[in-house]
Amino acid sequence: MKSTAKSNEKEGGAVKKGLEEINDVLKKLLVRGEEDKKLLEEKIQSNVKELVLPYLAKLKNTPLTAEQATYLEIIETTVANVFSSFLQRVTSKQYHFTPKEIQVATLIREGKTTKEIADIMKVTRSAIGLHRHHIRNKMGLGKAKVNLHSYLLSLQ
């Protein structure tokens with residue numbers, strides 16, 4: 001009976017040691033995955049700065065209509081925001097925003113008025129009002145007396 005207990009104890013110790021080793025390997029893999037993710041983000045950001053932004057700057061120096069200038073400004077801001085924590089937070093599954101709501105939230109954060117957003121998106125002001133209402137509700141603001149622009153700016 002004693003040999004069986006000792007045998008079980010040895011097996012238990014071996015299993016525990018094996019699980020600890022597996023746990024260490026998994027931790028190392030997680031760290032490596034995060035490092036790879038960060039490296040990829042830096043590479044993409046570098047490529048955007050070197051390959052996209054110069055063309056946007058050149059385009060900005062050409063004759064543009066007011067509408068084209070507005071679109072160019074939105075593109076520049078969007079490209080700059082691609083790596084921001086705001087955009088990562090707004091596009092997270094936490095809020096369940098639609099693509100239009102993400103676009104409206106980004107434009108509100110940039111300080112655009114409802115009328116300006118409606119003109120940019122080629123929709124009515126009431127459609128933007130509805131998007132604003134949905135954004136407020138999904139962010140838990142509901143009828144709180146909080147300025148949506150200020151609140152979105154605070155999300156860093």
inquiry  = Only four residue types carry charge here, +1 at the Cβ of Lys and Arg and -1 at the Cβ of Asp and Glu. Report the dipole size of the chain about the Cα centre in Debye, rounded to the nearest 20.
reply    = 620 debye
query = Cα-Cα over 25 Å: which of Lys28/Lys138; Lys58/Lys115; Lys17/Lys37; Lys38/Lys93?
reply = Lys28/Lys138; Lys58/Lys115; Lys17/Lys37
remark   = Expected unfolding gain across Leu26-Met121 under the 0.36 nm per residue rule, minus the alpha-carbon gap, is 29.6 nm
note = The relative contact order of the chain, taking Cα pairs under 8 Å that sit 6 or more residues apart, comes to a percentage of 19 percent
query = Using unit Cβ charges (K, R positive; D, E negative) and no other charged atoms, how large, in debye to the nearest 20, is the dipole of segment 67-156 about its Cα centre?
reply = 560 debye
remark   = Summing -39500 (n - 2.57) over every DSSP H run of at least 4 residues in the chain and dividing by its residue count gives a helix-only mean residue ellipticity at 222 nm, to the nearest 500 deg cm²/dmol, of -24000 deg cm²/dmol
task = Select from segment 70-156 those trypsin sites (Lys or Arg not before Pro) which occupy a DSSP coil region and have at most 14 other Cβ atoms within 10 Å, ordered by residue number.
result = Lys93, Lys122, Lys143, Lys145
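Read-outs: derived from the displayed coordinates by stated rules, not from any lab. In this text the structure is predicted, and so the values were computed from the model without any measurement. Using ideal geometry, Cβ is built from the backbone for each residue, glycine included, and neighbour counts are taken over all protein chains shown.
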